[in-house]
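Trainee: First the structure, then my questions, so here it is.
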Amino acid sequence: MWKTFLALATLFCAVQAAVAEGFSKGDQVELVRPAPLYFKETYLIRVGTVGERFTVLMEKTGQQRVFLSSRDALGNEVALSISKDALRLVTQPGTSPERGANISVTMMARAISQNMPATMAARMSFEARSEALRMNGGKKESDEAVLRGLRWLVQNQNPDGSWGRRGTTGAAMTGFSILSLLGHGETTDSAEFGPAVKKALDWLVTNGNTYDSRLSMEQSFTQAGTYAHAIVTFALGEYYTLTKDARVVDLLKKAVGYIVAGQGPDGGWMYSYDRSTPGDTSVSGWQIQALKAAHLSGLNIDGVDAALDKAMLNLARVRGKTGGFGYRTSTVEKYSLTGVGVFCTYIWKQEKDKLVHDGIDYIIDHATKKDFKDTYFPVEYKGEKADLYAWYYNTQACFMYGGQAWDTWNSRLQDELVTNQSPDGSWPAMPGKSVVSYQTTPAGDGPIYRTNFCILMLEVYYRYLPTGDIRFSRPQK
């Protein structure tokens, strides 16, 4: 793929007798500000840092973009695309290059050589996270809140590496905590958080194999176990994608196999993987996220893509007339589940079609317009209708959609989460009513649940960039 694109770029240069004013083929240039580096103008590799040096392949006329030559970890030449105004000329062909012309390609090499999806590259360094945070409307206070939350999680990790109580609940809390650490780019190699990640993965692998790859840590799936299994499978899939740790491959494949086999005829999933009952939107959301993580792993696990295709049919089935999504039918639209439908549809179809567009409108309208009365759900942490579960999905759905929808949602959510964090780094019990007891329970697994959900929402700026149209949502000059 890389060589094909490079050949096209070279051919273009040969055809063009002269490039537009600015840079010419062979020029040595360097970055004058941090800037995102793309492959094929679309796939984000990483964020470049000030002073990095490149060789110009060509300048794309009319779009103010320049193609630069670099090399991956295997020594293959690759072409990167960058905005022209992020560069300055260092030397022209035929002149002596300045010292220090070799550039650091650590992040790009990691993404390419380990087959890491480009959507995940922005989380893997402080510089990349900072730039993605800034350009997507985040504040430094948000990442500071994430770090406080992660440190609280580490302090409250069980000696065996898990989080929460034993059994199904503990499996889910452990899965959430692993996802939060991975979402900040923390792996077993991380200086501060590496030991916690290693302990968690050791616990997961040991117990997952003990329970015959049932990551709910149950001998047979229960209602809660269906959620837990998907959440931990999701975490295991992300871990493998970031680390390529071979010891988890068999466990991941078998865990995904339970999800594929448990899908119902309508494309959804139900408690205990009961295939005889119409799919549940809430249960299905976690299975879809787990399958998407498996898809990104590059392991080509049997049945994953087909199951995701089929899952889209179920989401369309429960979509209501005004854009919201229902629980098991389309009759009663639920604000708490609309983000599930929108986000899970987008991450697989990667299209802003009518289903996604109408769902986004539904989310924003019901979160901002008081005239919806009983179905008005303001984003207030201490409000009676606060709903972390809905916010988790809404945040990702609006971020993926971008534009005014993201600006509106982000302006309401970000400060609510940051200002309501407890001094110790966790998030306190919410005073409002909720069907999810973890929101209102001061002790036990409640703080672990709330802290993970808030961390995952505050990591949205860099955790996953939109897959089908990878660019920062809020470009700034």
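Trainee: Out of all the residues in the range 192-219, which are over 23 Å from the mean Cα position of the chain (by Cα) and small (Gly, Ala, Ser)?
Mentor: Once the filter is applied, which keeps residues that are over 23 Å from the mean Cα position of the chain (by Cα) and small (Gly, Ala, Ser), the range 192-219 yields 208, 213.
Trainee: Would you pick out the residues in the range 411-426 that are in a helix (DSSP H, G or I) and surrounded by 21 or more Cβ atoms within 10 Å (Cβ to Cβ)?
Mentor: Answer for the range 411-426, where residues must be in a helix (DSSP H, G or I) and surrounded by 21 or more Cβ atoms within 10 Å (Cβ to Cβ): 413, 414, 417.
Trainee: Please go through the range 328-357 and pick out each residue that is over 22 Å from the mean Cα position of the chain (by Cα), surrounded by fewer than 18 Cβ atoms within 10 Å (Cβ to Cβ) and in contact (Cβ under 8 Å) with a residue 12 or more places away in the chain.
Mentor: 329, 330, 332
Trainee: State which residue is surrounded by the fewest Cβ atoms within 10 Å (Cβ to Cβ) when the search covers only the range 427-452 and only residues that are in contact with a Gly (Cβ under 7 Å, 6 or more places away or on another chain) and within 13 Å of residue 169 (Cβ to Cβ).
Mentor: Residue satisfying both the conditions and the ranking: 445.
Trainee: Within the range 11-58, how many residues turn out to be modelled with pLDDT under 70 and closer than 13 Å to residue 80 by Cβ?
Mentor: Total meeting the criteria: 8.
Trainee: Further, regarding this structure: Within the range 230-244, can one find any residue that is among the acidic types (Asp, Glu) and either out of contact with any Leu (no Cβ under 9 Å at 6 or more places or on another chain) or part of a loop (DSSP other than H, G, I, E, B) (or both)?
Mentor: no
Trainee: Restricting to the range 210-228, name every residue that is assigned to a helix (DSSP H, G or I) and touching a residue at least 40 places away in the same chain (Cβ under 8 Å).
Mentor: 223, 224, 225, 226, 227, 228
Trainee: Can you tell which of 371, 365 is free of Cβ contacts under 8 Å to residues at least 24 places away in the same chain and surrounded by 15 or more Cβ atoms within 10 Å (Cβ to Cβ)?
Mentor: The conditions single out 365.
Trainee: If you don't mind, another one. Can you tell me how many residues in the range 141-185 are modelled with pLDDT under 95 and either among the polar types (S, T, N, Q) or not assigned by TED's automatic domain parsing to the domain that holds residue 232 (or both)?
Mentor: Total meeting the criteria: 2.
Trainee: Looking at the range 150-166, can you tell me whether even one residue there is small (Gly, Ala, Ser), touching a Ser or Thr at 6+ places or on another chain (Cβ under 6 Å) and without any contact (Cβ under 8 Å) to a residue 60 or more places away in the chain?
Mentor: yes
Trainee: Which of the following residues is assigned to a helix (DSSP H, G or I) and at pLDDT below 95: 347, 364?
Mentor: Testing whether each residue is assigned to a helix (DSSP H, G or I) and at pLDDT below 95 leaves just 347.
Trainee: So, one more: Which residues, taken from the range 271-303, are closer than 18 Å to residue 319 by Cα, surrounded by fewer than 22 Cβ atoms within 10 Å (Cβ to Cβ) and either in contact with an Asp or Glu (Cβ under 7 Å, 6 or more places away or on another chain) or outside the structural domain of residue 392 (by TED's automatic domain parsing) (or both)?
Mentor: Result: 278, single match.
Trainee: Anything in the range 173-193 that is under 19 Å from residue 240 (Cβ atoms), touching a residue at least 60 places away in the same chain (Cβ under 8 Å) and of a type in the set (A, V, I, L, M, F, W, C)? List them, or say none.
Mentor: Those that are under 19 Å from residue 240 (Cβ atoms), touching a residue at least 60 places away in the same chain (Cβ under 8 Å) and of a type in the set (A, V, I, L, M, F, W, C): 176, 178, 179, 182.
Trainee: Give the residue that is farthest from residue 259 (Cα to Cα), with candidates limited to residues of the range 313-322 that are part of a helix (DSSP H, G or I) and in contact with a Leu (Cβ under 9 Å, 6 or more places away or on another chain).
Mentor: Out of the qualifying residues, it is 316.
Trainee: Another one. Looking at 298, 323, 303, which is the one that is in contact (Cβ under 8 Å) with a residue 60 or more places away in the chain and at positive phi?
Mentor: 298
The values are calculated or read from the model by the stated rules, or taken from the named source; none is laboratory data. Note that the coordinates shown come from a computational prediction; the quantities given were computed from them, not determined experimentally. Neighbour counts are summed over all protein chains in view; Cβ atoms, including those assigned to glycine, are modelled from backbone coordinates with ideal geometry.
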